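One structure is given here, and the rest of the page talks about it.
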Amino acid sequence: MSEYILEVKNLRTSFFTHLGEVQAVRDISYKLKKGGILGIVGESGSGKSVSSLSIIRLVDSPGKIVHGEINFDGIDLTKISTKKMQDLRGSEIAMIFQDPMTSLNPVYTIKNQLIEVIMKHVRITKEQALEEAKKIKDLERQKKAIKRIENGITRRINKKEALERAIYYLKLVGIPEPETRIKEYPHQFSGGMRQRALVAMALSCEPKLIIADEPTTALDVTIQAQILDLLKKIKKELDTTIIFITHDLGVIAELCDDVIVMYGGMIMEKGSVNDIFYRPQHPYTKGLHQSIPKDVVGQKKRLVPIAGSPPDLLNPPKGCPFNPRCRYAMEICLEKPAPLFAISNTQSSACWLQDENAPDVEGFKKSGGVLSE
Amino acid sequence: MNKKEVLLEVKNLKKHFYIKKNILGKIQKTLKAVDDVSFVIYQGETFGLVGESGCGKTTCGRTIIGLYENTGGEVYFDKKLISAGSEEYALNIQELKDELSLKLKKVAKDDFDLREALKKEYQEKIDIEIEKRNIAIKKEKSAKRNPRDIQMIFQDPYTSLNPRMTVAEIISEGIKTHKLFTGNDIMERVFYLLETVGLKREHASRYPHEFSGGQRQRIGIARALAMDPKLIICDEPISALDVSIQAQVVNMLEDLQDEFGLTYLFIAHDLSMVKHISDRIGVMYLGKMMELAGSDELYDQPLHPYTQSLLSSIPLPDPEANKISKRFLLKGEITSPINPKPGCRFAGRCKYAKDKCFSEDPLFEEILPNHFAACHYVKDINDLK
């Protein structure tokens, strides 16, 4: 098995509206190593959410994955049936959504909703099943059962076990008195607790990959700090891979190991968190850094905003999507989107300034025109 | 720091909402959104108001401008009283009367002496309240606001502009109402304002839906500027915008301040942006002001335990700094402002809380020069003399 849990290759997702094709994700590729947190950062309309909804195949009509491969643990998710995808969703890939107020069903208790997920996806382990089989008195039937188990077929978890498991995970995410609180309805939970319950729901089937789509944006800073702390703990203890989508650079710096910067449906730059924060090589990434206040006590620096506004995806600019707002834009930028040039082992930037024929601009490192794979 | 002139003074401002009344109209549940908040804003400065959702910062702004009537307290603008409230005294009187009748019920009917004593005692208290109420009503009547002086920029640029009006109509509405300009001058003024906020003349005839979020917020700012205000209340003006657009709007607000000598009350929950734009900052929690200081000082040396944990909760856009920075994680969440218990509002989440915090309201005092905080044990926590 490869060291990558997820490989996205040339993914394109579009929405076919009355006004025309909205190209939300335009040809993105990346690989994700096991057991890290990948941050995807971008502004609204940059395609960060749609790209991850494509992974879990939750892009609704009129949206469609037009092109590309998504290899998850050796399976191409774009090719499997809806039924198969439903089995994977929740058990192998779980999702945490932005708004904890609307992503829980208000007419069911937390218990109902948690148990439903667990009972649908979780089977008991081989060891447990074997132990159960040994208790069967009829030798003939016992043999058959053991054979079935050895073929990898075990029974689904039952309601009692599911409840135990649900309570265990609620405790893990820090909900006080989970035994009694689990019987409550979502409206009886506060915003932070609902988000914790959703995290518990995502964890409960022990998925290999969790996609968190702006899970802290709707929360207050003090609650956000609690949830980030929880995700860090989960990463350490459970060794799950997490894709974390946000527009907040501070959250990325706090939590993530690797970062992808998206703009206008394309990847602008990717690298380790230190690359992106201390050695940004793309004009857009640099612009983002200058747009947020980093004042030192006693001196105020004026912010340097990025001029203009984000592109219209119905009618995206030709070439690099950032070219109308880029102060370094060259002729080639208006013609062709730049490929990802490798800057170091970990970092690559989609900017023509990295090409060997490009002029030297201060503050940008030259990659020598090596393309990233 | 040279003493500047006070532009806006807020004195013991209270805004209560009555959620539940019984059939007799008696109030059973009170939401104390703003409860006894006082501060001043100096001419030409930016005063930041921060806090978590539900802390009353927006209500505070809306009460100052008069979108809500204040329950109690006074607001002075340019040393003139612009609004005052008397409702709290009426409620106090009601409460005293209720208390009296409750006590009377417990006393035996033939114990005339005790009954008389009780009645007399309460009547005295009620008289004091009535006196206060009469003064407050007089003040309320004398309060006069000039609606042009204070303007507001709203949070959501998508809902705060009327979709059926063109940009020119939106901006000129106030000009026409107050008859600031007439005839062709109105359109000239509109064009001038549009150019001031970085839009073009030809945008005047368009409708709000044709603009992006950042541009809409610019229209909202132009509408506020049209009145030549002295104070602009910015209620989360950038929180609905993208990062790269936020910086554009913040820079523009700073430019306008220099050009027109504006004063801002900047309400926001994005603490790093508030620090960037404000000269002084007030931190609110559940309707009370917790701490107030110059922005550098507040971030450098927060005194109140709430401010300390609030500031340490902000993730910094700097991975290495995050690793070494200390976190004071808060337990639990903001409690309900409905019928709050006596004592410090923050006591339930505070790690330093002692018995006194649950029974007695802390006073909002000047702990260091120009640095106020409301905490019983602020000196012990920070090792101050």
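Only one entry in B:Lys275, B:Lys288 is among the basic types (Lys, Arg) and under 26 Å from B:Tyr76 (Cβ atoms), namely B:Lys288.
Going through (1) within 14 Å of chain A (Cβ to nearest Cβ); (2) out of contact with any His (no Cβ under 8 Å at 6 or more places or on another chain); (3) under 30 Å from B:Lys20 (Cα atoms) one by one, B:Met290 falls short only on (2).
Of all residues in the range A:221-234, none satisfies being closer than 22 Å to B:Phe328 by Cα, under 16 Å from the mean Cα position of the chain (by Cα) and polar (S, T, N, Q).
Restricting the first member to the range B:351-366 and to residues that are in a loop (DSSP other than H, G, I, E, B), and the second to residues that are among the β-branched types (Val, Ile, Thr), the beta-carbon pairs closer than 7 Å and six or more apart or on different chains are B:Tyr352/B:Ile381. The set of residues in the range B:134-184 that are part of a loop (DSSP other than H, G, I, E, B), under 21 Å from B:Leu265 (Cβ atoms) and among the small types (Gly, Ala, Ser) comprises B:Ala143, B:Ser160. Has the range A:316-332 got any residue that is within 11 Å of chain B (Cβ to nearest Cβ) and surrounded by 15 or more Cβ atoms within 10 Å (Cβ to Cβ)? Yes, that holds for at least one residue. Among the residues of the range A:89-130, which ones are over 25 Å from A:Asn151 (Cβ atoms), over 23 Å from the mean Cα position of the chain (by Cα) and not in a helix (DSSP H, G or I)? Matches in the range A:89-130: A:Pro106, A:Val107, A:Tyr108, A:Thr109. When B:Pro319, B:Pro302 are screened for being touching a helix residue (DSSP H, G or I) at 6+ places or on another chain (Cβ under 6 Å), closer than 22 Å to A:Thr246 by Cα and not charged (D, E, K, R), only B:Pro319 passes. The requirement of being of a type in the set (A, V, I, L, M, F, W, C), within 20 Å of the chain's Cα centre (by Cα), more than 10 Å from chain A (Cβ to nearest Cβ) and in a helix (DSSP H, G or I) is not satisfied by B:Leu265. Of everything in the range B:293-317 that's buried (at least 22 other Cβ atoms within 10 Å of the Cβ) and more than 10 Å from chain A (Cβ to nearest Cβ), which residue is nearest to B:Ser38 (Cα to Cα)? Taking the candidates together, the pick is B:Ala293.
Results for (1) of a type in the set (A, V, I, L, M, F, W, C); (2) more than 30 Å from B:Tyr299 (Cα to Cα); (3) assigned to a loop (DSSP other than H, G, I, E, B); (4) modelled with pLDDT of 90 or more, shown as yes or no for each residue.
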site: A:Leu303; (1), (2), (3), (4): yes, no, yes, no
site: A:Ser309; (1), (2), (3), (4): no, yes, yes, no
site: A:Leu314; (1), (2), (3), (4): yes, yes, yes, no
site: A:Ser344; (1), (2), (3), (4): no, yes, yes, no
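In the range B:99-114, is there at least one residue being aromatic (Phe, Trp, Tyr), out of contact with any strand residue (DSSP E or B) (no Cβ under 9 Å at 6 or more places or on another chain) and in a helix (DSSP H, G or I)?
yes
Could you list all residues from the range A:182-195 that are more than 17 Å from the chain's Cα centre (by Cα) and within 14 Å of chain B (Cβ to nearest Cβ)? Talk me through it step by step, then tell me what you get.
Pass one, the range A:182-195, residues more than 17 Å from the chain's Cα centre (by Cα): A:182-194.
A:His187, A:Gln188, A:Phe189, A:Ser190, A:Gly191, A:Gly192, A:Met193, A:Arg194 - these are the residues of the range A:182-195 that are more than 17 Å from the chain's Cα centre (by Cα) and within 14 Å of chain B (Cβ to nearest Cβ).
Scanning the range A:280-315 for residues that are in contact with a strand residue (DSSP E or B) (Cβ under 6 Å, 6 or more places away or on another chain) and either at the interface with chain B (Cβ under 10 Å from one of its Cβ atoms) or not hydrophobic (A, V, I, L, M, F, W, C) (or both) yields A:Gln281, A:His282, A:Tyr284, A:Thr285. A:Ile175 meets each of the listed conditions (1) away from chain B (no Cβ under 14 Å); (2) touching a helix residue (DSSP H, G or I) at 6+ places or on another chain (Cβ under 6 Å); (3) in contact (Cβ under 8 Å) with a residue 24 or more places away in the chain apart from (1).
What pairs come up if the first residue lies in the range B:204-228 and is in a helix (DSSP H, G or I) and crowded, with 19+ Cβ neighbours inside 10 Å, the second is at pLDDT below 90 and of a type in the set (Val, Ile, Thr), and their beta carbons are under 6 Å apart, counting only those six or more places apart or on different chains? Every condition considered, the pairs that remain are B:Gly214/B:Ile245.
Counting only residues that are modelled with pLDDT under 85, in contact with a strand residue (DSSP E or B) (Cβ under 6 Å, 6 or more places away or on another chain) and not in a loop (DSSP other than H, G, I, E, B), how many does the range B:289-339 have? Residues meeting the conditions: 1. Can you find even one residue in the range B:90-109 that is modelled with pLDDT of 90 or more and over 26 Å from B:Ala374 (Cα atoms)? For the range B:90-109, residues modelled with pLDDT of 90 or more and over 26 Å from B:Ala374 (Cα atoms): absent. Reported count of residues in the range B:144-196, each being touching a Leu at 6+ places or on another chain (Cβ under 7 Å) and closer than 26 Å to B:Ile64 by Cα, is 5.
Annotation for the range B:239-253: no member residue is in a loop (DSSP other than H, G, I, E, B), under 23 Å from the mean Cα position of the chain (by Cα) and away from chain A (no Cβ under 11 Å). Looking only at the range A:1-22, which residues are crowded, with 22+ Cβ neighbours inside 10 Å and in contact with a Pro (Cβ under 6 Å, 6 or more places away or on another chain)? Result: no residue meets the conditions.
Taking the range A:90-143 as the search range and keeping residues that are among the charged types (D, E, K, R) and in contact with a Leu (Cβ under 8 Å, 6 or more places away or on another chain), which one is nearest to A:Lys160 (Cα to Cα)?
Of the residues in the range A:90-143, the ones among the charged types (D, E, K, R) are A:92, A:99, A:111, A:116, A:120, A:123, A:126-127, A:131-132, A:134-135, A:137-138, A:140-141, A:143.
Then keep just the ones that are in contact with a Leu (Cβ under 8 Å, 6 or more places away or on another chain); that gives A:92, A:111.
Numbers: A:Glu92: 22, A:Lys111: 12 Å.
Out of the qualifying residues, it is A:Lys111.
Residue check: B:Ser239 meets all listed conditions (1) touching a Gly at 6+ places or on another chain (Cβ under 8 Å); (2) touching a residue at least 60 places away in the same chain (Cβ under 8 Å); (3) not β-branched (Val, Ile, Thr) but one, namely (1).
Scanning the range A:196-216 for residues that are on the phi < 0 side of the Ramachandran plot, within 14 Å of chain B (Cβ to nearest Cβ) and within 15 Å of the chain's Cα centre (by Cα) gives A:Pro215, A:Thr216.
The values are calculated or read from the model by the stated rules, or taken from the named source; none is laboratory data. The structure displayed is predicted, hence computed values, not measured ones. Every residue, glycine as well, gets a Cβ built from its backbone with ideal geometry; the counts of neighbours run over all protein chains shown.
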